[in-house]
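Just below is one structure, and these are the notes that go with it.
No value in this document is a laboratory result; all are computed from the given coordinates. In this text the structure is predicted, and so the values were computed from the model without any measurement. Note that we place each Cβ from the backbone using ideal geometry, even for glycine, and neighbour counts take in every protein chain shown.
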Amino acid sequence: MKIYTKKGDDGTTGLLYGGRVRKDTLGPEAYGTVDEAVAALGVARAHSAQAQDPASFDEEIIRIQRDLFVVAAELATAPENRSKLEPGVSLVTEDMVAELESRIDEVVDRIGMPDQFIVPGQAQLPAYLDFARTVIRRAERRVVELASASDHGDSLTTQYLNRLADYLYMLVRAEELAWEPSRKKTND
């Protein structure tokens, strides 16, 4: 088997469970942007040695990347094939959203909420995470656009991406605190 199939040479791409759509339509734009987010998180993960807890950070980013594969799978499925999706494997679930909310709350409890505007770039790892967060926000906008133009039923992809961007925002803040030894935690 070869990596190239030549099927996309006509400007179309295959969907999960069948069907083809033009590559420049809303669906491929949405799940393509999710794919960019996975890659951006990979850059952050490649710098995990800079994290406060490198092993835990690496594990967390891999978990998020795998969850984004679920988001992309759901987005790459035609509405008429949604019934074939498997919760947590190719369909975003309420539990996935709730898990992010729980993780956000844990970080907020640990470091508090930022009390000022944050200028990215204090250190490489938080800067890469901030970049990944902005790609996820763009993916969220693309998913909203897709949802308003088609029937994606009761999809939770928008909620998941919204919470994920919030979670990454707080992870960035937590990692930046490691680079600010003179700054006291807000909860102290």
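Some notes on this structure:
- When ALA149 is tested against (1) under 30 Å from THR77 (Cα atoms); (2) touching a Leu at 6+ places or on another chain (Cβ under 9 Å); (3) buried (at least 18 other Cβ atoms within 10 Å of the Cβ), only condition (3) is not met.
- In the set (1) more than 16 Å from PRO126 (Cβ to Cβ); (2) of a type in the set (A, V, I, L, M, F, W, C); (3) in contact (Cβ under 8 Å) with a residue 12 or more places away in the chain, the condition left unmet by ALA51 is number (1).
- Taking region 91-110 as the range and being under 19 Å from ALA30 (Cβ atoms) and either touching a strand residue (DSSP E or B) at 6+ places or on another chain (Cβ under 7 Å) or surrounded by fewer than 16 Cβ atoms within 10 Å (Cβ to Cβ) (or both) as the test, only THR93 passes.
- Test: ARG173 is charged (D, E, K, R), assigned to a helix (DSSP H, G or I) and within 30 Å of PRO79 (Cα to Cα): no
- GLY14 meets all of the listed conditions (1) touching a residue at least 12 places away in the same chain (Cβ under 8 Å); (2) touching a strand residue (DSSP E or B) at 6+ places or on another chain (Cβ under 8 Å) but one, namely (1).
- Test: residue in region 62-74 that is without any contact (Cβ under 8 Å) to a residue 24 or more places away in the chain and more than 15 Å from the chain's Cα centre (by Cα): no
- Selection within region 102-145 - without any contact (Cβ under 8 Å) to a residue 40 or more places away in the chain, over 22 Å from GLN159 (Cβ atoms) and within 19 Å of the chain's Cα centre (by Cα): ALA127
- Search result, residues across region 1-17 that are loosely packed, with under 14 Cβ neighbours inside 10 Å and under 15 Å from ALA72 (Cα atoms): GLY14
- Within this structure, GLU80 fails the test of being within 28 Å of TYR128 (Cβ to Cβ) and charged (D, E, K, R).
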